[in-house]
Amino acid sequence: MQKLLVTGGAGFIGSNFVRYALEHTSYSITVVDKLTYAGNRESLRGLPEDRFAFVKGDIADAALIDQLVAETDAVVHYAAESHNDNSLHDPRPFLDTNIIGTYTLIEAARRHGKRFHHISTDEVYGDLELDDPQRFTEQTPYNPSSPYSSTKAGSDLLVRAWVRSFGLQATISNCSNNYGPYQHVEKFIPRQITNVIDGIRPKLYGKGENVRDWIHADDHSSAVLTILEKGEIGQTYLIGADGERNNKDVVEQILEHMGQPRAAYDHVVDRAGHDLRYAIDSSKLRSELGWRPVFSDFGKGLEDTIAWYRDNESWWRPQKAQTEAKYQVQGQ
Ligand code: NAD
Ligand code: DAU
């Protein structure tokens with residue numbers, strides 16, 4: 001394999017993957033991205049022109065996708081509508097991109113016999129009780145809660161069916177919550193960091209007891225490269241770094257790192273259907289493919305992320321006011 005087609009490479013995790021893969025491998029990469037509100041060409045600035053190309057386009061555009069897939073060795077599929085809150089207010093784009101877009105890609109990969117890696121989420125498994133000793137494994141039954149997670153679950157099942165019925169050369173990974181640079185300010189951690197920079201008190205949904213299993217975006221990227229190169233066709237791998245924390249704890253850590261009182265936040269209206277807890281058991285990926293996360297210190301990773309948002313205000317500032325205006329209408 002020499003050439004990768006990365007869908008959604010102008011988004012948060014896709015752009016981190018592109019930079020990581022260019023630095024750690026010899027692949028040439030073409031990104032196809034529609035540049036929705038969540039995509040930002042600036043996230044891919046300064047990459048080597050001899051190994052990187054950008055195509056603006058929709059993954060549901062069958063003619064464009066057929067041509068791009070024909071020209072590549074493998075597809076890594078990140079493109080999605082990714083935000084739960086948006087899916088609760090306007091689900092339609094989630095069906096168009098996450099379901100029809102994925103269908104368009106796997107049809108092209110099947111026609112051209114190309115390796116395909118599908119990026120998915122732990123949210124397809126629903127949620128866990130706070131005191132449940134179990135974590136999600138590859139055997140956990142699907143039980144998605146939101147329009148977002150149900151369309152991701154649907155896209156996973158399409159990929160599985162294309163493997164079984166059409167021999168698609170695909171693998172799937174389901175990862176927990178990512179943090180790091182280049183994440184849109186609508187998401188929890190960047191929203192609170194940029195709120196503090198702007199003198200706005202952070203907003204916790206409900207009681208703030210919900211638990212997420214945080215992983216640095218670079219650890220997600222190294223796991224995806226491992227699966228792409230060593231994963232078994234037809235298999236699903238869960239990606240996680242043992243980073244369970246409740247939202248209240250994360251907000252308090254952000255406030256402390258930014259020199260504010262730990263209690264200087266507000267509780268706001270809860271998310272409808274809000275999943276209580278996610279937790280990943282990534283033993284299969286670790287034992288079968290030998291992957292290990294590198295970012296074990298969440299506090300240090302959070303500090304680096306805060307520094308990135310302080311140093312890159314020109315990247316996030318254009319989205320901040322409209323994002324907060326949208327949340328204000330929702331009482332959040
Ligand atoms: P993001 O919203 O930051 O980026 C999504 C990208 O996809 C954007 O650049 C957008 O322009 C592009 N896009 C959207 N619709 C498109 C279309 N129709 N055609 C082409 N491009 C399109 O999302 P993210 O947080 O980087 O998530 C990337 C992937 O990782 C998603 O599949 C998501 O489900 C999955 N994932 C995310 C997390 C997380 O914590 N953010 C965790 C696990 C899995
Ligand atoms: O688990 C993987 C998923 O993680 C990915 O599939 C999604 O694409 C990604 O967006 C993320 O989903 P979450 O819904 O967990 O992330 P979000 O950043 O929206 O919220 C994280 C937690 O913080 C969640 O419990 C809701 C809460 N929250 C969020 C915001 C924006 C708040 O308390 N306040 C906020 O202002």
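I need the GluC sites (Glu not before Pro) found in the range 2-75, filtered to DSSP loop residues with at most 13 other beta carbons within 10 Å of theirs.
Answer by residue number: Glu49, Glu71.
Keeping every protein chain present and rolling a 1.4 Å probe, give me the accessible area per residue for the range 79-142 in Å².
44
So what is the 222 nm mean residue ellipticity for the chain from helices alone, if each DSSP H run of at least 4 adds -39500 (n - 2.57) and you divide by all residues, rounding to the nearest 500 deg cm²/dmol?
Calculated from helices alone, the mean residue ellipticity at 222 nm is -12500 deg cm²/dmol.
Of the trypsin sites (Lys or Arg not before Pro) in the range 196-252, which ones lie in a loop per DSSP and count no more than 12 other C-beta atoms within 10 Å?
Answer by residue number: Lys207.
Using Cα atoms only, what is the angle between the long axis of helix 188-197 and the major principal axis of the chain, expressed in degrees (0 to 90) to the nearest 10?
With rounding to tens, the tilt is 50 degrees.
Need the list of lysines near Lys152 for cross-linking: C-alpha distance under 30 angstrom, and skip anything on the same chain fewer than eight residues off.
Partners found: Lys3, Lys34, Lys56, Lys114, Lys187, Lys203, Lys207, Lys230, Lys248, Lys284, Lys320, Lys326.
Quick one: if you stick a label point 7 Å off each Cα along the C-beta vector at Ala63 and Ala272, how many nm between them?
3.8
May I ask you to give the solvent-accessible area per residue for the range 170-314, in square angstrom, as obtained with a 1.4 angstrom probe?
Value for the range 170-314: 38 Å² per residue.
In whole percent, and with a 1.4 Å probe on the protein chains, what portion of the accessible area of the chain is carbon and sulfur?
Carbon and sulfur atoms account for 48 percent of the accessible area of the chain.
Rounded to whole Å and ordered largest first, report the semi-axes of the equivalent ellipsoid of the range 99-161 derived from its Cα gyration tensor (root of 5λ).
Ellipsoid half-lengths, sorted descending, are 28, 12, 7 Å.
How far is helix 298-311 tilted, in degrees, relative to the longest principal axis of the Cα atoms in the chain, given as a value from 0 to 90 rounded to the nearest 10?
90
I'd like the GluC sites (Glu not before Pro) in the range 124-208 restricted to DSSP loop residues with at most 14 other Cβ atoms within 10 Å, sorted by number.
Passing sites in the range 124-208 are Glu129.
Cα axis of helix 313-329 to longest principal axis of the chain: angle in degrees, 0 to 90, nearest 10?
For helix 313-329, the angle is close to 70 degrees.
Using only the Cα atoms, work out Rg/Rh for the range 126-203, with Rh taken as the Kirkwood radius, to two decimals.
My calculation puts Rg/Rh at 1.10.
Quick check: pseudo-label points 7 Å beyond the Cα along Cα→Cβ at Gln328 and Gln134, how many nm apart are they?
Placing both labels 7 Å along Cα→Cβ, they lie 4.4 nm apart.
Write down the Kirkwood hydrodynamic radius of the chain, to one decimal in angstroms, obtained as one divided by the mean of 1/r over all alpha carbon pairs.
Value: 20.1 Å, from the Cα pair sum.
Mind jotting down the distance between the C-alpha centroids of the range 114-137 and the range 1-35, whole Å?
The range 1-35 and the range 114-137 have Cα centres spaced 23 Å from each other.
The values are calculated or read from the model by the stated rules, or taken from the named source; none is laboratory data. None of the values given here were measured: they were computed from a predicted structure. Every residue, glycine as well, gets a Cβ built from its backbone with ideal geometry; the counts of neighbours run over all protein chains shown. Quick note on the areas: whole protein, heavy atoms, side chains included, nothing else; ligands and nucleic acids left out. Shrake-Rupley method; radii C 1.70, N 1.55, O 1.52, S 1.80 Å.
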